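Scroll down for the structure; my scribbles are underneath it.
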Amino acid sequence: MQSSSKRYYRVGIDIGGTFTDIVLLDQDGNILTKKISSTPDDYGRAISQGMKSVLEENGIDPSEVEEVVHATTVATNAVLEGKGAKTALITTEGFRDILEFRRVRVPELYNLDYVKPKPLVPRQLRLEVKERIGAKGQIRTALDESSVRAAAQRIIDTDVQAVAVCLLHSYTNPVHEQGIKDILSKMLPPHIFVCYSHEVLPEIREYERTSTTVVNAFLGPVMNSYLTNLKQRLEETGIQKSFHVMQSAGGRMSLDAAIAKPAYLVESGPAAGVIAAAHIARKAGMLEVITLDIGGTTAKTAIVENGEPTRTSEYEIGAGINISSKLVKGAGYAIKLPFIDVSEIGAGGGSHIRFDKGGLLKVGPESAASVPGPVCYDTGGETATLTDAILALGYLNPGHLVGGALTLNAEKAVKAIEEQVCTILDKPLPEAALGVFNVAVANMVRAVKSVSTYRGRDPRDYALIAFGGNGPIVATAIAHELGMKQVLVPPNPGVLSSHGLLVADNTHELVKSFSGLTNEIEINDVRRIFDDLAGKAIDALIEEGFERGKTSVQNLADLRYAGQAFELTVPLDNDGEPIECEQMASAFHDEHFRTYSHKAEHEPVEIVNLRVIAKVAVNDIEPPLTETKAAAPKKPKIRQAYFGASSGSQETPIVGRSDLVGIEMTGPVIVEEYDSTIVVPPEWTVSVDAANNVLISRKSDGPHEN
Amino acid sequence: MKIDLVTLEIIQNALGAIADELALVIMRSAYSNIVRDSMDYSTAVFDHKGQTIAQGLTTPVHLGSFPDAMQKMTSLYEGNIFPGDIFIFNDPYGSGGMHLPDFYIIKPVFVNETLEGFVGTLAHQSDVGGIAPGGMGVYASEIYQEGLRIPTLKLFDAGVPNDAIFRLIEKNTREPVNVMGDMRAQLAACNNGGQALQALIESHGVKKFRLYMEELHDYAERLIRAEISELPDGTFYFEDCLDGMGEDPETIWLKVNLTIAGDQVLIDWAGTSDQVNYAINATFPTTNAMSYLAVRCAIGGSIPNCEGYMRAITATAPVGSLVNPVEPAPCGARGITCFRMFDALLGAFAQILPDRIPAANEGGSSAPHIAGRDHNNKPFMASGGLMGAWGGSMARDGQEGISNPAANLGNTPIELMETRQPVEITKYSFVQNSGGPGRHRGGAALQRGYRLLADEAKLIMRSDRRKVKPYGLSDGLPGTPSWNIINHGSEQKLLPVCPTASVPMVKGDEFIHIQAGAGGFGDPLEREPEKIVVDVLNELITPAYANDVYGVVINEGEIDLGATEIKRRELKQTGIYETAYMAHFYDEIGIKPI
């Protein structure tokens, strides 16, 4: 491959609760990575220090950094820890408690001690104004400006830093919210962050719209100072180029857009991981994949169809870890914005092993996290964890992890499993450890099912792409359970999210409520709205500095059967031809059948929202291809590893990724890397492709065939 | 074959996933607000005998009702269940249902031609005909007035749909689109879940799966018996009541003896009022369901949702009583009796577990239905249960704006309701100076107003807790009463707590429901003054209320400690705070009690 004349780098930075990952991608697609401890008291510090050292270590001049893309947990943590701004809400008279009523339902049954999340705006700052818009957008009571001025005065008097404005039915007629905007912009000092529900989320359902607007306001001042400060710090290190931020839906947005709509950032890290996985899978020719991201405390899954991750707008921030979060809502703060549909359960390497009162073995959701850590870390953890069981099975290097940076105490781990698990199960060490492993896998299988079978998708039609520190260890076991035949482990699986930042498209998404039946509406009304939204979305991208010619637009509609209460978002690809009514209806019938295995073609289809996503595809660089010449044969190290009663304990070759170039090995094999370990059990084969992905394939059919 | 506890955990997890999948398919593809937003439906998975082995995280009241229904179905159709069959029923008498709106749709699952299990769904249908729209009119006097009764029938016979049943149902509801749509969602869930259960059983093998299901029941039973054993033995009595029906209500008593005997719980309803000629009778399966629910809430702990745990709980009730009525007692609005059974049982448990059980909650969902025909002669119905507030407990204040733990239903979005129905919601908020005072106060009452935009409509209302308020505990005071008001122009009309006829409304009329506030826990005069200041700032109580009820004197936002001490001593002696809070409540809502 020919090198470009000018050297430049693009940088992805992902802050997690424990680690901050930095990835540098050069003009030829070469990757440099750096993992440093996060600094939760001031997250920006780790970034600027990390950037400085990675530039120095590699002799890179700051001026060679072309762009920086950032994913952050700061927004999420601000909500979880209640550390957002002092926020007020202005709402319709008679309805200030909508925020606190929520949807009333609680996420736990049989629990009389349940405490619901505290509202982000206390009742005393939920201010009512006299006005009322009707369901059809008609003005039932005119806006009483004196009540708005009274609210504004109260805001000034109480030292409020952020204001959310959400009136009933403002999605259909924003005139009163606009009237409030006129008054507030004159009365409030400029440092007070104000946002309006018809701008943040012009969609029906008052609680979700109010909650989303409130979260946005609550985060506004915090994210403004964080992002501005971070930009300044990067500039101090000499980096002057464009700065972008990842959205929860997987696209990138400009710094200014992020500051105005911080609610779009809350799941940016996990989104980046899915984007990277989808990108790598697409390059490898796999368009239908399920992503599996397992770290220390959780397992996250998402589904990618036709190369694109699926999305949802049913999200709650701070809802905890719950596979049923979509079923049982109320545990967190609703944000009804587009998110990549990630399912999460509390099972990771640090998950505690315990027995309940009836004697059943449980793994997680309690976790040793990184402090005190699993027993084998020898940093104070005493409760046996999944990682200790994995070590006891022989899957992990008994001496160290992360290329030697983390030493392990295997003896302690084995002792913990023997004392805490073997004695109770009355089983020898490897069998007991495998029991722990299988229970954890069963939990994780539930996460994979929730993005596939729960939505009418058969996991056997998908490949599994595994990353995170622990994903590649359990991936084949999960694939085996679900009858999946292929597993892919990308290069640098431990820092994949940061990589995703550099391959995500720049996007701008707009939505508008639209009510009508596909067999009754005037199609030109729909086309006009799509055109209008597309124009605005493209303008926003141009404002960010992109060329009009590089933008593309996707139209989607939220549709349902008339009378049905839940919509499906259906893409309306029409190869540039104008959209037709029948086309919308038939796309919906198909998607409904696919998802729920039933449809009602004789019934009218109702439009709820129209959506437009404008995007500019990121400058795509092909990574350097690996030489496909077979590596010089060398004698691999051998370790005993246990693969179940039928296979027993086996002498297992330990290899590196580069050892697999040009050859295919049959399991058992363990691939050890800097930031991850890949387990290839018997009955599976492993190889490396030209893009340096590890491919693991099943030789024979597993269980669960039907 | 030896039981491997690891395998048992893995199978249990897989069963839970199937029950959740059933629930998710219904939620996302259902039509009515009752299913989609209130989530008034449930799902379950059963073994080959029809015993529950897993349940979706849905509606607690429903979950304990499956065992009776499944037992009736499997004995009725013994030897006559074939692949492709799907059953339907709703009848409280003979089929084991609870009230007619609840449609049970159950699909048997076969492996190698033998019956190995079932998947089941229960959804509250928005209307099943009968005397009152919504099927919950309290003024039915016989079940024959409550709508379409469906005995246990095959809705699909060996894979062939029984069109006659579909057409009969469609013709017997005021809401055919919603009902047919929700039934389709139930059927889709059964088909998806049925395949998943079949695959699970096949992967483990029939013999092994059956063995493990026996063990799962035993395991759940072991768990619950271990918990019950930790409670002191003895019999604990509690009584609670319903205000009664209509203009001149007669108190209806729910009396319970709760006995802890070793690792067994016995619940006896002897002394409870006789069944009534109004639709609030709770058939015995319902009474069983409430028993299981209350025990589980009281003892806590995570116990698998399978039938084995129910072996440790036995309920009895006199035949012909409100909680074990005989045909043809109507039961459409039986929910209110369920809630009161729950309150009575918790009141009994509070004597055993004073640190865990809270004072009484709001008393259960209030169920207004405003129904009529719009300008195009199309039927409309604005409904949706209203909740709620929790009682204060030893640990904390009662919360407001939260679902009753026995029902756990959601509210319907106001904007959706106004888009679809000719009503306008005039307010939806907490009521100032409501709820029972206490060291930990009860949750504040809610109020909601509805203005009719159509020419005329009928209001059907089910509520309670006016005469007899939600109880307080440990010197906490009872909650505040519930009221139903119609504003017709400047004229105000007060309705009974549970009207025995539909109430006419005309265009522009406003109906306001004020729900009961929850009971307080502990002596109000011991409430921390700082908490009272916060309540005042949040406009949950007025400064005058803080003074007259809690004896806390606030001057310019600051607590006057000296004056507070004096005031509290005075209140302690006179005891007038025990009635003062009611006066403040009535001042706030602007009506005079009759």
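Tabulated data
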{"read-out": "Residues satisfying the stated conditions in the range A:56-73, i.e. surrounded by 15 or more Cβ atoms within 10 Å (Cβ to Cβ), touching a strand residue (DSSP E or B) at 6+ places or on another chain (Cβ under 8 Å) and either basic (Lys, Arg) or not in a strand (DSSP E or B) (or both)", "value": "A:Ile60, A:Glu64, A:Thr72, A:Thr73"}
{"read-out": "Some residue of the range B:19-41 being surrounded by 24 or more Cβ atoms within 10 Å (Cβ to Cβ) and within 18 Å of B:Glu202 (Cα to Cα)", "value": "yes"}
{"read-out": "Filter result (surrounded by fewer than 20 Cβ atoms within 10 Å (Cβ to Cβ) and more than 16 Å from A:Thr310 (Cβ to Cβ)) within the range A:573-584", "value": "A:Asn574, A:Asp575, A:Gly576, A:Glu577, A:Pro578, A:Ile579, A:Glu580, A:Cys581, A:Glu582, A:Gln583"}
{"read-out": "Residues located in the range A:84-121, provided they are at the interface with chain B (Cβ under 8 Å from one of its Cβ atoms), among the aliphatic types (A, V, I, L, M), surrounded by 23 or more Cβ atoms within 10 Å (Cβ to Cβ) and touching a Leu at 6+ places or on another chain (Cβ under 8 Å)", "value": "A:Val104"}
{"read-out": "So A:Ala440, is it within 14 Å of chain B (Cβ to nearest Cβ), crowded, with 24+ Cβ neighbours inside 10 Å and over 30 Å from A:Thr551 (Cα atoms)", "value": "yes"}
{"read-out": "Candidates A:Leu559, A:Leu568, A:Leu517 - the one that is over 30 Å from A:Leu695 (Cα atoms), touching a residue at least 60 places away in the same chain (Cβ under 8 Å), within 14 Å of chain B (Cβ to nearest Cβ) and aliphatic (A, V, I, L, M)", "value": "A:Leu517"}
{"read-out": "Among (1) surrounded by 21 or more Cβ atoms within 10 Å (Cβ to Cβ); (2) at pLDDT 90 or above; (3) of a type in the set (Lys, Arg) - the single one A:Arg252 does not satisfy", "value": "(2)"}
{"read-out": "Selection from the range B:59-80 of residues that are in contact with a helix residue (DSSP H, G or I) (Cβ under 8 Å, 6 or more places away or on another chain) and either free of Cβ contacts under 8 Å to residues at least 60 places away in the same chain or over 23 Å from B:Ser38 (Cβ atoms) (or both)", "value": "B:Pro67, B:Asp68"}
{"read-out": "Given (1) part of a helix (DSSP H, G or I); (2) farther than 22 Å from B:Ile3 by Cα; (3) not β-branched (Val, Ile, Thr), number of the condition A:Pro430 does not satisfy", "value": "(2)"}
{"read-out": "Failed condition for B:Val256, given (1) of a type in the set (A, V, I, L, M); (2) in a helix (DSSP H, G or I); (3) in contact with an Asp or Glu (Cβ under 9 Å, 6 or more places away or on another chain)", "value": "(2)"}
{"read-out": "Verdict on B:Ser75 being more than 19 Å from the chain's Cα centre (by Cα), in the same structural domain as B:Val160 (by TED's automatic domain parsing) and not acidic (Asp, Glu)", "value": "yes"}
{"read-out": "Every residue from the range B:149-178 that is part of a helix (DSSP H, G or I) and at pLDDT 95 or above", "value": "B:Asp163, B:Ala164, B:Ile165, B:Phe166, B:Arg167, B:Leu168, B:Ile169, B:Glu170, B:Lys171"}
{"read-out": "Selected residue (only one of B:Ala395, B:Ala348 is among the small types (Gly, Ala, Ser), touching a residue at least 24 places away in the same chain (Cβ under 8 Å) and assigned by TED's automatic domain parsing to the domain that holds B:Met505)", "value": "B:Ala395"}
{"read-out": "Per-region count, the range A:563-586, residues among the polar types (S, T, N, Q) and closer than 16 Å to A:Leu517 by Cβ", "value": "3"}
{"read-out": "The listed residue being within 34 Å of the chain's Cα centre (by Cα) and more than 16 Å from A:Ile678 (Cα to Cα), out of A:Ala410, A:Ala389", "value": "A:Ala410"}
{"read-out": "Subset of the range A:74-83 [crowded, with 22+ Cβ neighbours inside 10 Å and farther than 20 Å from A:Gly500 by Cα]", "value": "A:Ala78, A:Val79"}
{"read-out": "Matching residues, the range A:231-247, being in a helix (DSSP H, G or I) and either without any contact (Cβ under 8 Å) to a residue 12 or more places away in the chain or surrounded by 24 or more Cβ atoms within 10 Å (Cβ to Cβ) (or both)", "value": "A:Gln232, A:Glu235"}
{"read-out": "Those residues of the range B:366-386 which are at the interface with chain A (Cβ under 10 Å from one of its Cβ atoms) and either touching a His at 6+ places or on another chain (Cβ under 7 Å) or modelled with pLDDT of 95 or more (or both), in sequence order", "value": "B:Leu386"}
{"read-out": "Options B:Ala44, B:Ala23: the member that is within 14 Å of chain A (Cβ to nearest Cβ) and under 15 Å from B:Cys306 (Cβ atoms)", "value": "B:Ala44"}
{"read-out": "Tally of residues being more than 8 Å from chain A (Cβ to nearest Cβ), in a strand (DSSP E or B) and under 17 Å from B:Tyr581 (Cβ atoms) across the range B:404-446", "value": "1"}
{"read-out": "Of all residues in the range B:291-318 being within 28 Å of B:Arg465 (Cβ to Cβ) and assigned to a loop (DSSP other than H, G, I, E, B), the one that is farthest from the other protein chains (Cβ to nearest Cβ)", "value": "B:Pro318"}
{"read-out": "Count of the range A:346-361 residues which are within 26 Å of the chain's Cα centre (by Cα) and at pLDDT 85 or above", "value": "6"}
{"read-out": "Criterion violated by A:Leu125 - all others in (1) more than 8 Å from chain B (Cβ to nearest Cβ); (2) more than 30 Å from A:Asp41 (Cβ to Cβ) satisfied", "value": "(2)"}
{"read-out": "Strands (runs of 3 or more DSSP E) fully within the range A:79-162 counting 1 or more residues that are free of Cβ contacts under 8 Å to residues at least 60 places away in the same chain", "value": "A:126-129, A:139-141"}
{"read-out": "Positions within the range B:28-57 being under 20 Å from A:Val106 (Cβ atoms) and part of a strand (DSSP E or B), in sequence order", "value": "B:Tyr41, B:Ser42, B:Thr43, B:Gln55"}
{"read-out": "Qualifying residue in the range B:306-313 (condition: at pLDDT 95 or above and farther than 26 Å from B:Gln12 by Cα)", "value": "no"}
{"read-out": "Residue that is farthest from the other protein chains (Cβ to nearest Cβ) [pool: residues in the range A:71-83 that are touching a Gly at 6+ places or on another chain (Cβ under 8 Å) and not hydroxyl-bearing (Ser, Thr, Tyr)]", "value": "A:Ala71"}
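Each row is one residue, and each column tells you yes or no for (1) within 14 Å of chain A (Cβ to nearest Cβ); (2) more than 29 Å from the chain's Cα centre (by Cα); (3) buried (at least 17 other Cβ atoms within 10 Å of the Cβ); (4) free of Cβ contacts under 8 Å to residues at least 40 places away in the same chain.
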position	(1), (2), (3), (4)
B:Asp218	yes, no, no, no
B:Glu221	yes, no, yes, no
B:Ile228	yes, no, yes, no
B:Phe236	no, no, yes, no
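The values are calculated or read from the model by the stated rules, or taken from the named source; none is laboratory data. What you see is a predicted model; the values in this text were computed from it and never measured. Note that we place each Cβ from the backbone using ideal geometry, even for glycine, and neighbour counts take in every protein chain shown.
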